[in-house]
Amino acid sequence: MRTLNRIGQFSIRMNFKQILASEADNQPNSPLSMKKLSKLHRQIFSITTILALVTIVIISVCIASLLYTQGIDNAESVLRNKNRSVTALIEGYVAPLRKAVEYTSSPASGADHSHYREQETQEKILKLFEVLQNTIPNIHYIFSGYEDGTLLINNYTPPSDFNAVIRPWYQAAIKSHPLISDGVPYQDINSKKWLVSFGKTLLNAEKKIIGVISIDAGMDAIVRALAVKDEKYPTIYNFVMDTEGKILIHPDETLPDTLHQEIISHIPKEMNTSGSLSYNNGEHNKLAHFNRIDELGWIVVTEVNLSDIRQPIVKTIASTLLVIVLGSLFTTWFMSYVLSRYLILPLKRLQQRVQEITEGKDELDKYEFPNNEIGKISEAIEKLTEKALIKKNIELKDKNTLLSTISHTDQLTSIANRRKMMEVLHTEVSNYQRGHRPFSVLMFDIDHFKRVNDTFGHEVGDQVLRRLAQVVKATIRDTDTLGRWGGEEFVIVCPNTDQNMALNIAEKVFSAIHSNNFPMQINVTVSLGLSEFTNNHSLESILVEIDRKMYRAKQLGRNQIQT
């Protein structure tokens, strides 16, 4: 073996001398030629630049896709919220009107419409109309028409040839019988204000239709709500159409009574549905959100030009990518410069060190280099197999020790992981079965931890977990074992501990957590369950039991202990 080592060392020394000689031939005053150094510099610069460009392209595509998706989602959220707001306003606006129609047409109103020809009944009906008009300020007109064509209305005398039966509001109520008719918007001839009409059939004692009660209400508030502009999306607006696609109310006064085939063809026929859609109206690509109000026979639509949405998204993407590209290129070129400087200049010293190692004057270190001057030197080092094997064995032993530690330690909190805790629990169960040595198990979970991550980010959430582990570990006894069970759940195993002692430990843990200052001044509380191991338990059953108690603590309001 010694002979082989001597032969190997002699061969390595000869090769090393050849390397030095070939380098010296290129430049007499330096062991390494400037040409070779320049080649290595170019290699470093080229590789780092190519990697940077590939990384920039991948990151740019991901960020652009993410920003575009977020921008569209935000715009859809704005449309959805505005549409819901207008829909809620309309539903709240017409609800008392429809209730008034329902009440007036029912016997509960005290008006017997079957005797509408009698003077006393007419006065009672008109008095009821007057009360409702004074009570509900949105009512413009309230009136009733009957099968003989007559009309009862306050402060208005119909023409001599007036026939209520042929009026649209009368026909709409007949068509909707026995329900209240769909809201029929129209523009008052005199005031030019938008009104909506709701009607319901009037029945006599034999359930025969004898007429229609109708209420016309002002739509000013709804029209104003439809016309509200949005600073971020200037082209956003709302309008109302019926289930056939006919526009009923629109900010553009020229569009009511026209059909909107582009949208109605995309809207499902199911009752009371809502959703988003996109379409092209011949001039612009549109993004819209709709809500069906089937009790009114209306569809509320909120739409915006897609160009309004895309323009700020494109600006954001462009500015973000510009910063990323410039920052990445600058960092890459700076790293290339630093790597070149700190790799090329030490080559002379590195070659001298290799020569000392090949001559047995120094201990062996491991080098991993690319296929260049440094790589040639590393080939000479790798030939010293005897010393390398010893070093490998030492490294393997160290790595095995480290691996054993890692396999039993939670990497985030540096306390025991679930595997280690299961080993501890198995040990305690075995001790109990052999000598009935008591032990207790505590399991707790951080309350509303998802809210911490969502509000402050996962980095702060990790800081909270680490801090909590430190606080609890400093609070419990040296004989107790604290471990991270998973996520925000922790387990404490307490040897030689009955339930009363475990409760005392739990209370100390609660007190320590409450009195501690966590990152971002977050108020951290936990829900905890605990049990003492008994003859009736198995390892699986006690884990199920404390888990159930912990969740019972959450269900009862959190921040408490369940025993």
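Assorted remarks:
- Search result, residues across segment 137-162 that are under 60 Å from the mean Cα position of the chain (by Cα), surrounded by 13 or more Cβ atoms within 10 Å (Cβ to Cβ) and in a loop (DSSP other than H, G, I, E, B): Asn138, Glu147, Asn154
- Note on segment 177-199: among residues that are modelled with pLDDT of 85 or more and open to solvent by 30 Å² or more (accessible area, probe 1.4 Å), the one that is nearest to His140 (Cα to Cα) is Leu179.
- Tallying residues that are open to solvent by 30 Å² or more (accessible area, probe 1.4 Å) and either assigned to a strand (DSSP E or B) or of a type in the set (D, E, K, R) (or both) within segment 306-316 yields 2.
- Residue within segment 106-115 that is of a type in the set (A, V, I, L, M, F, W, C), out of contact with any helix residue (DSSP H, G or I) (no Cβ under 9 Å at 6 or more places or on another chain) and assigned to a helix (DSSP H, G or I) present: yes
- Flag if Arg484 is closer than 20 Å to Asp547 by Cβ and surrounded by 14 or more Cβ atoms within 10 Å (Cβ to Cβ): yes
- Consider segment 430-481 and keep the residues that are more than 22 Å from Ile522 (Cα to Cα) and among the small types (Gly, Ala, Ser). The one that is least open to solvent (accessible area, probe 1.4 Å) is Ser440.
- Matching residues in segment 269-305 - criterion: being buried (at least 17 other Cβ atoms within 10 Å of the Cβ) and within 16 Å of Gly183 (Cβ to Cβ): Asn291, Arg292, Ile293, Leu296, Gly297, Trp298, Ile299, Val300, Val301
- Check on Val464, in contact with a Phe, Trp or Tyr (Cβ under 7 Å, 6 or more places away or on another chain), more than 30 Å from His436 (Cβ to Cβ) and not in a strand (DSSP E or B): yes
- For segment 54-89, taking the residues that are open to solvent by 80 Å² or more (accessible area, probe 1.4 Å) and of a type in the set (Val, Ile, Thr), the one that is modelled with the highest pLDDT is identified as Ile58.
- Residues within segment 161-176 that are of a type in the set (Gly, Ala, Ser) and more than 17 Å from Phe143 (Cα to Cα), tallied: 1
- Flag: Ala88 matches the condition of being within 50 Å of the chain's Cα centre (by Cα) and more than 20 Å from Ile210 (Cα to Cα).
- Checking the stated criteria, Thr243 turns out to be free of Cβ contacts under 8 Å to residues at least 60 places away in the same chain and surrounded by fewer than 18 Cβ atoms within 10 Å (Cβ to Cβ).
- Taken over segment 478-510, the residue count meeting the criterion of being part of a loop (DSSP other than H, G, I, E, B), under 17 Å from Arg437 (Cα atoms), in contact with a helix residue (DSSP H, G or I) (Cβ under 8 Å, 6 or more places away or on another chain) and not hydroxyl-bearing (Ser, Thr, Tyr) is 1.
The values are calculated or read from the model by the stated rules, or taken from the named source; none is laboratory data. In this text, all values refer to a predicted model and were calculated from it rather than measured experimentally. FYI the Cβ positions are ideal-geometry reconstructions off the backbone, even for glycines, and counts take in every protein chain you see. Accessible surface areas use protein heavy atoms only, side chains included; no ligands, DNA or RNA. Shrake-Rupley method; radii C 1.70, N 1.55, O 1.52, S 1.80 Å.
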